[in-house]
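Everything below concerns the one structure shown next.
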Amino acid sequence: MVIAEVPKLASAAEYFFKMGVEGKRFRPTVLLLMSTAVNLSVPEPPKGLGDSVTTEMRNRQQSIAEITEMIHVASLLHDDVLDDADTRRGIGSLNFVMGNKLAVLAGDFLLSRACVALASLKNTEVVSLLATVVEHLVTGETMQMTTSSGQRCSMEYYMQKTYYKTASLISNSCKAIALLAGQTEEVATLAYEYGKNLGLAYQLIDDVLDFTGTSASLGKGSLSDIRHGIVTAPILFAIEEFPQLRAVVEQGFDNPTNVDLALEYLGRSHGIQKTKELAMKHANLAAEAIDSLPENDDEDVKRSRRALVDLTQRVVKRTK
């Protein structure tokens, strides 16, 4: 799907899909598990017809997993340009290797390919869901770039931005999977709630790892958020305990002394612990959404649901 006629564009578009650089493939894994977890038992159809119906539905759901990964990688390419990043996934970022212009075009190309694949599903609601995701990605990034001092220190603003930037993609994709399975609105909402809470938990742990993880295991520089002036949950919780930290945050982090001061306050606070607890709360809400799905005796369905619940714990316990 990412093959382009122009060789330079093709190699740029394929950059993060190649073996060894393809990332954790976390989102497609969740979506393929979700597709089994919510698939309706097809009553015994006429001989020879059942498999083709099931295969067709599975292929459509797999398309969602592919589209989601393309939207995700496109957003990474664009984010790296905006952040002036020089590494991603342990190698040189595309903008660093091929320049900003090509990185932006490669991201645009992936989004356009995702749109073509989406249109071929011929499902208006699904198209609408994933088009909204792209809008949310742009909104979230803009919110991050244009914060007032009050917004920078607001947990509510931070969680809204995090939903737009991280959780919207996985939540709306999970919902799309359920809709393609012909599920009820109630089940589609549970799939959405799972994705939303999993996405929020994932990002909260990312925010913790930015302070506690080493750059080797993260594939990016540690403390990258605070050095870019981005205030995340651990610091926001620390401000609740030490209101004087707010003044440091409002001065900004262009001055390295302010970074050191903020880290000192964070170390004395329960900021990291409270962020982990909030992540666990969202992980548990995600697990509850799966447990609330209508009962199903099919072994594959049960196994996929167990795996989705297991993933909620892996997300909060990971170290990279």
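Given the structure, is Asp298 under 25 Å from Leu198 (Cβ atoms), touching a residue at least 12 places away in the same chain (Cβ under 8 Å) and out of contact with any helix residue (DSSP H, G or I) (no Cβ under 7 Å at 6 or more places or on another chain)? Considered against the rule, which asks whether it is under 25 Å from Leu198 (Cβ atoms), touching a residue at least 12 places away in the same chain (Cβ under 8 Å) and out of contact with any helix residue (DSSP H, G or I) (no Cβ under 7 Å at 6 or more places or on another chain), Asp298 comes out as yes.
Residue pairs, Cβ under 6 Å, 6 or more apart or interchain, first in segment 60-78 and basic (Lys, Arg), second surrounded by 21 or more Cβ atoms within 10 Å (Cβ to Cβ). List them. Note: pairs meeting the criteria are Arg60/Leu180.
I need the full set of residues from segment 84-103 which are part of a helix (DSSP H, G or I) and buried (at least 19 other Cβ atoms within 10 Å of the Cβ), in order please. Break it down into steps so the answer makes sense when it comes.
Looking only at segment 84-103, we keep the residues that are part of a helix (DSSP H, G or I), and these are 94-98, 100-103.
If the condition is that a residue be part of a helix (DSSP H, G or I) and buried (at least 19 other Cβ atoms within 10 Å of the Cβ), then Leu94, Asn95, Leu102, Ala103 are the ones that fit.
Of note, Thr87 satisfies the criterion of being under 23 Å from Lys8 (Cβ atoms), within 20 Å of the chain's Cα centre (by Cα) and of a type in the set (Ser, Thr, Tyr). Of the helices (runs of 4 or more DSSP H) contained entirely in segment 118-208, those carrying at least 1 residues that are closer than 19 Å to Val309 by Cβ, touching a residue at least 12 places away in the same chain (Cβ under 8 Å) and touching a Leu at 6+ places or on another chain (Cβ under 9 Å) fall at 168-180.
Taken together, the values in this text are just the output of simple stated rules run on the coordinates, not laboratory data. The model shown is predicted, which means the values in this text are computed figures rather than measured ones. Positions of Cβ are backbone-derived with ideal geometry, glycine not excepted, and every protein chain shown enters the neighbour counts.
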